[in-house]
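The values are calculated or read from the model by the stated rules, or taken from the named source; none is laboratory data. This structure is a prediction, so every number in the text was calculated from the model and none was measured. Cβ placement follows ideal geometry from the backbone for every residue including glycine, while neighbour counts extend to all protein chains displayed. Note: areas computed on protein heavy atoms with side chains; ligands, DNA, RNA excluded. Shrake-Rupley method; radii C 1.70, N 1.55, O 1.52, S 1.80 Å.
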Amino acid sequence: MPIPGKVIASVGGGLAASLAMELVQDTWAAAFERKRASTDLDEEVEAIAAVVRLLATWVPALESESRARGAARALHYLFGVGFASAYVAAVPRARWLASAGGIAFGTGLFVLADRILIPVSRLGRSWNGYSRSERANALVSHVAYGMVLEIARSRAISLREPGS
């Protein structure tokens, strides 16, 4: 039985978009955040590290720094696939999400995660605790996530389900 395009779009698109987001974050930080201390984490990494610290209370193996880093990275990609699945499911009902190439979704995800969920759950510093460059990095990397996700979604759906 062939794998449906929506599954490929959700998993493959989520992984590709998460990788793109990571590459944009790292490239932006290297280019524009040279004054940032190497111990300072951007808000995404800081929030995910906080979640891993919470998980370590139940999973003692995550107390090791190297395992915690690996778990944080896996969690980032898991979130990426989860949000990709929501996007792929929502696009047929809300075509405007895809109309700008995923930019609306990436921007909405930025608002949801960085402006609402992270501050409300206190998983990172307050919004004002990050530099303008770090905040811009967060927005641009989420937009890149949305754009790559839409490219992957539209390709997977058109290749697997012609006429969709």
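Brief remarks on what is shown
- The set of residues in the range 103-129 being without any contact (Cβ under 8 Å) to a residue 60 or more places away in the chain, of a type outside the set (A, V, I, L, M, F, W, C) and under 25 Å from Arg153 (Cβ atoms) consists of Gly106, Thr107, Gly108, Arg115.
- The range 125-151, residues that are of a type in the set (Ser, Thr, Tyr), surrounded by 15 or more Cβ atoms within 10 Å (Cβ to Cβ) and under 18 Å from Ala50 (Cα atoms): Tyr130
- Among residues of the range 78-93 that are loosely packed, with under 13 Cβ neighbours inside 10 Å, those with a beta-carbon under 9 Å from a residue that is in a loop (DSSP other than H, G, I, E, B) at least six positions away or on a different chain give the pairs Pro92/Ser164.
- Criterion: more than 20 Å from Ser121 (Cα to Cα), within 21 Å of the chain's Cα centre (by Cα), part of a helix (DSSP H, G or I) and at pLDDT 90 or above - qualifying residue of Gly70, Gly12: Gly12
- Of all residues in the range 94-103, those that are in a helix (DSSP H, G or I) and open to solvent by 40 Å² or more (accessible area, probe 1.4 Å) total 3.
- Applying the condition of being assigned to a helix (DSSP H, G or I), open to solvent by 40 Å² or more (accessible area, probe 1.4 Å) and over 30 Å from Val91 (Cα atoms) to the range 15-56 and asking which residue is modelled with the highest pLDDT yields Ala31.
- The range 127-160, residues that are of a type in the set (Ser, Thr, Tyr), more than 15 Å from the chain's Cα centre (by Cα) and part of a helix (DSSP H, G or I): Ser133, Ser154, Ser158
- In this structure, Arg122 does satisfy being among the basic types (Lys, Arg), open to solvent by 30 Å² or more (accessible area, probe 1.4 Å) and under 25 Å from Val52 (Cβ atoms).
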